[in-house]
Amino acid sequence: MSLTVISSVYAICSDAAGVAGNILAFVLFLSPIPTFRRIVRNGSTEQFSGMPYIYALLNCLICLWYGIPIVSPGIILVATVNSIGAAFQLVYIVIFIAYAERRTKLKMFGFLVSVFAVFASIVLVSLKFLDSPTRQLFVGYLSVASLISMFASPLLIINLVIKMRSVEYMPFSLSLATFLMSLAFCVYGMLKRDPFIYVPNGIGTVLGTVQLALYAYFKRASQEELRHPLMDP
């Protein structure tokens, strides 16, 4: 097999992994819709927190900047998925602010302004003061730190499942989509030889595997309890 054919197959495989990651990420971006339907229907944010969407917006913006060709050539699929993610998070935040109480509204607006200020600072520093290789390293390390900080959510869910011995608060479809998305981008990163992509998504794949294993274990345990209910002495 010629080098040209091997190169073409390699490129197709890496692009396929990136496209799969984009599609699976889109599924995850849609997951908060039921929450926001409830907020709109009730005209209140109730006890919901808007901070996860603030963190997610900042993460998407940083990873979007990392995927832009001027920072990292050849990984445009990282930019596409995070541009879509940033748009979704911004819409969620605007809706949250619209239905929040005045105090929460002002706080969320302040956080939103801070996110764009931080992002603008990152863009300014990386363009104004850094050359191309250093720029990629600078934004790459920021993107890894941002992605790893986002893994706090799966860790909290895993802890809750173990503590309550129930998968009630860990939907299977969401866990599966998270695992598959992380796996797809881990493969994409490895094929692109980019540790700033495959390292954080490798961690996400491991956490996703743990979530699916816990789901299978506790789901089976609950089914066995239903089949063999405890008898009073």
Using +1 at the Cβ of each Lys and Arg and -1 at the Cβ of each Asp and Glu in the chain, identify which of 150, 121, 14 lies farthest towards the dipole's positive end. 121
Å² of accessible area per residue within the range 57-183, as computed with a 1.4 Å probe and no ligands counted: 54 Å²
So, with +1 on the Cβ of K and R and -1 on the Cβ of D and E, and no other charges, what is the size of the charge dipole of the chain about its Cα centre, to the nearest 20 debye? 460 debye
For the range 87-181: rounded, prolate or oblate by the Cα gyration tensor [a/c cutoff 1.5]: oblate
Give the carbon-plus-sulfur fraction of the accessible surface of the chain in %, rounded to a whole number; probe 1.4 Å, heavy atoms of protein chains only. 70 percent
Using alpha carbons only, how many angstrom separate the centre of the range 102-119 from the centre of the range 137-199? 25 Å
Would you list, by chain and number, the lysines whose Cα falls below 23 Å from the Cα of residue 219, excluding same-chain residues fewer than 8 positions away? 163
Along the positive direction of the dipole of the range 61-192 (beta-carbon charges: Lys, Arg +1; Asp, Glu -1; about the Cα centre), which of 161, 139, 71 reaches farthest? 161
Do the sum for the chain: with -39,500 (n - 2.57) for every DSSP H run of n ≥ 4, divided by all residues, what is the mean residue ellipticity at 222 nm, to the nearest 500 deg cm²/dmol? -28500 deg cm²/dmol
Helix by helix through the chain, keep the DSSP H runs that span 20 Å or more along the axis on Cα and average at least -0.5 on Kyte-Doolittle, and give those back in order. 3-30, 51-67, 76-99, 102-128, 132-150, 172-191, 195-227
Amide H within-cut-off set for residue 74, under 5 Å, with H built and near neighbours excluded: none
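The values are calculated or read from the model by the stated rules, or taken from the named source; none is laboratory data. Not measured: the values here are computed from a predicted model. Heads up, the Cβs are rebuilt from the backbone with ideal geometry, glycines too, and the neighbour counts pull from every protein chain shown. When the accessible area is computed, the model is the full protein with side chains, heavy atoms only, and any ligands, DNA or RNA have been set aside. Shrake-Rupley method; radii C 1.70, N 1.55, O 1.52, S 1.80 Å.
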